[in-house]
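Trainee: Take this structure, written in structure tokens, and hold onto it; I'll ask about it next.
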Amino acid sequence: MISKRESKNYKKIIGKNYTNKVLEFFRKKGYTRSSGKPYITQDIVNIMNGTREDMSLEFYILEVVEHYQLLADQLEAKKNEITKKPEAATSGL
């Protein structure tokens, strides 16, 4: 079960409209309920708020968190790379 602390961290990593982002990720990956129907917003909210336990769904959500954390890390690295280029160019003069 996802704790309140974990939920807060996951939501921060995924960002605004986290449920839509999670559902879109699931759609792209083909993740569905055991019935074959797609997950709905309430499924995500229940798991993230700790009112429902579903190990498979929690695992899928962790994949989404990992995806968005990787994007954030890559973005930060790119920003650092770009801001360091002018310094490297001027330090050689």
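The values are calculated or read from the model by the stated rules, or taken from the named source; none is laboratory data. From a predicted model like this one, the values you see are computed outputs, not experimental measurements. Positions of Cβ are generated from backbone atoms using ideal geometry, with glycine treated the same way; all protein chains shown enter the neighbour counts. Note: areas computed on protein heavy atoms with side chains; ligands, DNA, RNA excluded. Shrake-Rupley method; radii C 1.70, N 1.55, O 1.52, S 1.80 Å.
Trainee: Give the residue, chosen from Ile2, Ile47, that is over 13 Å from Val64 (Cα atoms), in a helix (DSSP H, G or I), out of contact with any Lys or Arg (no Cβ under 9 Å at 6 or more places or on another chain) and not polar (S, T, N, Q).
Mentor: Result: Ile47 is the single residue among Ile2, Ile47 that is over 13 Å from Val64 (Cα atoms), in a helix (DSSP H, G or I), out of contact with any Lys or Arg (no Cβ under 9 Å at 6 or more places or on another chain) and not polar (S, T, N, Q).
Trainee: Looking only at the stretch 50-66, filter to residues that are part of a helix (DSSP H, G or I) and open to solvent by 70 Å² or more (accessible area, probe 1.4 Å); which one of those is farthest from Lys16 (Cα to Cα)?
Mentor: So the residue we want is Met55.
Trainee: Between a first residue in the stretch 46-59 that is farther than 13 Å from Tyr31 by Cβ and without any contact (Cβ under 8 Å) to a residue 60 or more places away in the chain and a second residue that is open to solvent by 20 Å² or more (accessible area, probe 1.4 Å) and small (Gly, Ala, Ser), which pairs have beta carbons less than 8 Å apart while being 6 or more apart in sequence or on different chains?
Mentor: Pairs that qualify, where the first residue is farther than 13 Å from Tyr31 by Cβ and without any contact (Cβ under 8 Å) to a residue 60 or more places away in the chain and the partner is open to solvent by 20 Å² or more (accessible area, probe 1.4 Å) and small (Gly, Ala, Ser), are Gly50/Ser3.
Trainee: Scan the stretch 33-46 residue by residue and report those that are touching a helix residue (DSSP H, G or I) at 6+ places or on another chain (Cβ under 8 Å) and modelled with pLDDT of 95 or more.
Mentor: Of everything in the stretch 33-46, those that are touching a helix residue (DSSP H, G or I) at 6+ places or on another chain (Cβ under 8 Å) and modelled with pLDDT of 95 or more turn out to be Pro38, Tyr39, Ile40, Thr41, Asp43, Ile44, Val45.
Trainee: Do we find a residue being assigned to a helix (DSSP H, G or I), open to solvent by 70 Å² or more (accessible area, probe 1.4 Å), hydroxyl-bearing (Ser, Thr, Tyr) and free of Cβ contacts under 8 Å to residues at least 40 places away in the same chain anywhere in the stretch 21-37?
Mentor: No: zero hits.
Trainee: Name the single residue, out of those in the stretch 7-17 being under 13 Å from Gln69 (Cβ atoms) and not polar (S, T, N, Q), that is least open to solvent (accessible area, probe 1.4 Å).
Mentor: So, considering only residues that are under 13 Å from Gln69 (Cβ atoms) and not polar (S, T, N, Q), the one least open to solvent (accessible area, probe 1.4 Å) is Ile14.
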